[in-house]
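Here the structure is laid out as structure tokens; the discussion comes afterwards.
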Amino acid sequence: MIPHKKDIRFTLSGYGEEIAIETFEGEFRNLMTLINEKMYVPDFGECKGIGRCGTCLLETKGLGGLSAEMERNEKATLDKFAVKMPGLRLSCQLMINADLNNTSIKIVEEREDVR
Ligand code: FES
């Protein structure tokens, strides 16, 4: 079997850490799964990726890469928790693909709205 080339590279930061990520499309189910694997974030991704708990927030403001359309579930969850800051997305709703290349992903640490 030919190993996958890790051709998707980006920076992940939060909780005082900054990690250079190298991955490939399909290595992880979604961005939340990757983050759970690479970094310890307390109470992150509590609903395991169904888009309902709102604990897997990322700051994507100013990143050209994360252009994926927001699905109804994601929008409803952000509305439910009154997440008003533009550019916040649920990492469980974002796939690992070339859109992430050369971006910097920041985990939202202040998530009082979703407690
Ligand atoms: S893991 Fe629950 S909304 Fe993303």
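Values computed for the structure shown
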item: Subset of the range 51-68 [of a type outside the set (S, T, N, Q) and modelled with pLDDT of 75 or more]; result: GLY51, ARG52, CYS53, GLY54, CYS56, LEU57, LEU58, GLU59
item: Hits in the range 26-51 - residues which are surrounded by 14 or more Cβ atoms within 10 Å (Cβ to Cβ), charged (D, E, K, R) and outside any loop (DSSP other than H, G, I, E, B); result: LYS38
item: Yes/no for THR23 being more than 15 Å from the ligand (Cβ to nearest atom), modelled with pLDDT of 90 or more and surrounded by fewer than 18 Cβ atoms within 10 Å (Cβ to Cβ); result: no
item: THR55 being among the polar types (S, T, N, Q), touching a Cys at 6+ places or on another chain (Cβ under 8 Å), surrounded by 18 or more Cβ atoms within 10 Å (Cβ to Cβ) and part of a loop (DSSP other than H, G, I, E, B); result: yes
item: Selection count where residues are within 19 Å of ARG52 (Cβ to Cβ) and touching a residue at least 24 places away in the same chain (Cβ under 8 Å), scope the range 77-111; result: 17
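Yes/no per residue for (1) over 22 Å from GLU110 (Cα atoms); (2) under 12 Å from the mean Cα position of the chain (by Cα); (3) within 13 Å of the ligand (Cβ to nearest atom):
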site	(1), (2), (3)
GLY16	no, no, no
GLY45	no, yes, yes
GLY87	no, yes, no
SER91	no, yes, yes
LEU94	no, yes, yes
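The values are calculated or read from the model by the stated rules, or taken from the named source; none is laboratory data. Only a predicted model underlies this, so the values are computations on that prediction, with no experimental measurement involved. Cβ coordinates were reconstructed from backbone atoms using ideal geometry, including for glycine residues, and neighbour counts include every protein chain displayed.
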